[in-house]
1. Using a simple spin-label model with points 7 Å from Cα along the Cα→Cβ vector, what separation in nm is obtained for B:Gln48 and A:Thr8?
2. HN-Hα J couplings of region A:154-160 from phi, Karplus 6.51/-1.76/1.60, θ = phi - 60°, integer Hz, Gly and Pro as x?
3. To the nearest 0.05, what FRET efficiency results for B:Ala230 and B:Met1 with a Förster distance of 30 Å applied to their C-beta separation?
4. Be a star and scan region A:14-31 for residues whose amide nitrogen sits under 14 Å from the point 7 Å along the Cα-to-Cβ vector of A:Glu140.
5. Compute the FRET efficiency between B:Arg69 and A:Arg16 as 1/(1 + (r/R0)^6), taking r as their Cβ-Cβ distance and R0 = 25 Å, and round to the nearest 0.05.
6. Which far-off residues, 5 or more places away or on another chain, put their amide H under 5 Å from the one on B:Ala171, with H placed in the peptide plane?
7. What is the Å³ per residue value for the convex hull set by the Cα atoms of region B:1-76?
8. Between B:Ala153 and B:Arg184, 0.36 nm times their residue separation minus their Cα-Cα distance comes to what?
Amino acid sequence: MISTPSRTVVDELALRHLDAAYNLGRWLLGSEQDAADAVHDAYLRAARACDTYAGGNARAWWLAIVRNCCLARLAVRSKDTRNVAIDGDPAAAERWLPHTGADDIEERLDSSRRTQQIDVQLQRLPVVYREVLILREIEELSYREIADVLETPMGTVMSRLARGRALLQKALTEDGTTGAPHGL
Amino acid sequence: MDCKTASDLLPLYFDGELDRATSREFEAHLDECASCQAALIELDALRQSLRHEAARYKAPQALRTRIERAAAAPVAARALQNRVRWLALAASWVLAFVAGGFTLEAWNHGSASVSEESQLTRDLFASHWRALAAAAPIDVVSTDQHTVKPWFAGRIAVSPTVRDYADQGYALIGGRIDYVGSERVPVLVYRHGKHLIDVFVLPPAVVPAGTAPVRQQGYVLERASMGGQAVAMVSDMDETELTRFRDLVDASSRGE
Ligand SMILES: [Zn+2]
């Protein structure tokens with residue numbers, strides 16, 4: 001039966017790209033528990049739909065399912081008044097930031113402050129820009145792969161990426177954190 | 001290259017999405033333009049920040065264990081487990097399918113044969129549907145075969161013979177790179193009336209055995225030879241129309 005080999009393929013795929021899936025979920029949902037649940041949902045859905053996977057880029061197919069499961073959770077959450085929408089509420093974003101232990105060395109303080117500022121600004125971006133930045137800059141997906149994950153034209157990927165970069169750049173500059181350029 | 005063109009191309013260059021020839025033209029401009037240099041440095045600074053300073057969350061061990069356990073479970077047990085989860089999560093499932101169901105829906109109807117030949121057929125149909133579903137069947141938009149061919153040259157090992165049949169009613173509108181199995185293959189996209197035709201240039205290792213057209217869900221797959229390379233064409237066109245195109249391509253390949 002075809003389901004056995006295909007199922008194995010999905011298992012391998014999900015486990016190999018589990019960090020990427022969780023990272024995407026964590027950035028989209030802002031919560032550890034929700035991200036883990038969304039990835040588990042995605043795995044079940046992928047396993048169930050394994051015989052519908054017919055070639056193409058496997059990682060993009062898997063991440064597309066993860067993303068859809070996250071968006072479904074976001075949609076449910078935005079209807080739930082007990083929860084705060086994750087966009088446009090910096091205070092809410094800060095609650096999800098990783099807490100580091102006491103940093104008494106000045107340098108470590110600087111670097112952790114910088115990390116926190118980037119995380120806050122990234123979490124503040126509307127989800128359409130945040131996801132494209134995560135996929136491109138952190139997961140290093142190509143335009144085509146991102147287009148497959150978002151199920152959107154390549155042109156949309158390019159314009160969202162450009163807009164997302166500009167917004168984040170501007171936010172970080174205004175935050176006063178880009179005094180010392182990184183990289184080059 | 002002027003600065004306006006260069007700044008439009010800058011992100012594509014930065015992301016490694018420009019073909020070789022255009023990259024070189026861009027670099028020639030970059031050498032002499034301080035503002036494009038500054039813009040590139042800024043993009044890179046942002047990337048370094050995101051790669052090295054933004055959190056990259058690793059999947060917690062508990063999640064990994066959950067999935068490993070599910071993966072190890074026998075298929076029958078998993079089906080039950082899935083059903084229970086599905087009921088519990090009914091609301092979010094419905095939304096998930098609404099958000100991303102189209103492509104999967106189309107694939108669901110595909111044949112489930114295990115032979116390599118039908119796997120190839122499935123890949124080709126899926127690629128065609130995926131491209132249509134993504135509303136981006138083409139990566140390089142051009143009606144000029146002299147633009148389409150070099151675009152592939154920078155991205156793929158074997159660049160295809162690119163021919164236009166606009167005079168015969170089948171106009172080349174562009175190309176993309178897609179996967180057949182694990183192989184990246186060039187796809188030439190033609191338009192006939194309101195129908196799109198994907199022409200997959202097949203690597204020698206996956207040349208299909210059969211010659212009869214294959215039909216799935218109102219789509220037809222035909223095989224032909226274009227400029228000596230084996231191709232498979234997929235379209236929702238009327239079968240006689242697609243056969244006419246196939247004969248045209250075969251004839252031009254023989255140099256008639
Ligand atoms: Zn310039």
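1. According to this spin-label approximation, the distance is 4.6 nm.
2. 4, x, 5, 4, 4, 6, 5
3. Plugging the Cβ-Cβ distance into 1/(1 + (r/R0)^6) gives 0.20.
4. Backbone N within reach: A:20.
5. After rounding, the FRET efficiency stands at 0.90.
6. Residues meeting the amide H criterion: B:Arg191.
7. About 140 Å³ per residue, rounded to a whole number.
8. Going from the current span to full extension adds 9.9 nm.
No lab work stands behind these numbers, since they all come straight from the coordinates. It should be emphasised that the depicted structure is a prediction, and the values quoted were computed from it without experimental measurement. Positions of Cβ are backbone-derived with ideal geometry, glycine not excepted, and every protein chain shown enters the neighbour counts.
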